[in-house]
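To start, the structure itself, in structure tokens.
Only the coordinates and a few stated rules stand behind these numbers; no lab work does. Note that the structure is predicted; figures quoted are calculated from it, not measured. Reconstructed Cβ throughout: ideal geometry from the backbone, glycine too, with neighbour counts over all protein chains shown.
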Amino acid sequence: MGKYQGIGRLAAGVVIAASLLAAPVTRAQEVSDAQIDVARSAIASLGVTNIFDNILPNIAARLKAQLIEAYPNLEEQINTTVDKQAIALAARRGDLEKEAAIVYAKAFTQDELKQIATFFNSPAGKKLIKDQPIANRELGKAADIWASGIARDLEKSTNDALMKAAGKELKSQAPAEEPATEPAKEPAKP
């Protein structure tokens, strides 16, 4: 659960911000039911709202922990009650899906949404969604290796160029090397 709490908090913030910002925009730019339907199809194919699936379970888990800490003798009743109330609220997930569809319907034309849904429902689109995180991780590793090589080569080529251009001056300004010290000799034994 711990690794998803941060996502849950972020997602909750995004949902709240989106609902606050979307309400005035929704009135200003109405979208048709047909646009929303096409947008829902694109959203489903992209899985863009899947990251919000853990919001309600995470909130429920935090509430359980808080209540159990305050009332440890009511743990079973707290668990049962919070679960029941959370299940009752689960239907409101559809509100988030509708808000997401409105956002996408405003951002893309119906034709673009159809193309998005078509591609991401295709084998290549599904593979992209499935394998992109792995590809991005590997790309990040490759970029780190590349950056290290570039840094090394830039330092070397710059030093070489500076030595050619101002070698004597660089050598005279370089910190003097300390003379090598010889290891201490053990005193002669009497």
**Prompt:** Along segment 60-74, what does the Karplus equation 6.51 cos²θ - 1.76 cosθ + 1.60 (θ = phi - 60°) give for ³J(HN,Hα), rounded to whole Hz, x for Gly and Pro?
**Reply:** 4, 5, 5, 5, 4, 4, 5, 5, 5, 5, 6, 10, x, 6, 10
**Asked** Is there a pair in Lys84/Lys114; Lys141/Lys168; Lys106/Lys130 whose C-alpha atoms are over 29 Å apart, and which pairs would that be?
**Response** Lys84/Lys114; Lys141/Lys168
**Fill in**
Lys168 and Ile134 label points (each 7 Å along its Cα→Cβ direction) are spaced in nm at 6.2
**Request:** Using a Förster distance of 30 angstrom, determine the FRET efficiency expected from the C-beta separation of Ser122 and Glu97, and round it to 0.05.
**Result:** 0.85
**Complete:** A correct Karplus calculation of ³J(HN,Hα) over segment 154-164, with 6.51 cos²θ - 1.76 cosθ + 1.60, θ = phi - 60°, whole Hz and x for Gly and Pro, returns 5, 4, 5, 5, 5, 4, 4, 5, 5, 5, 5
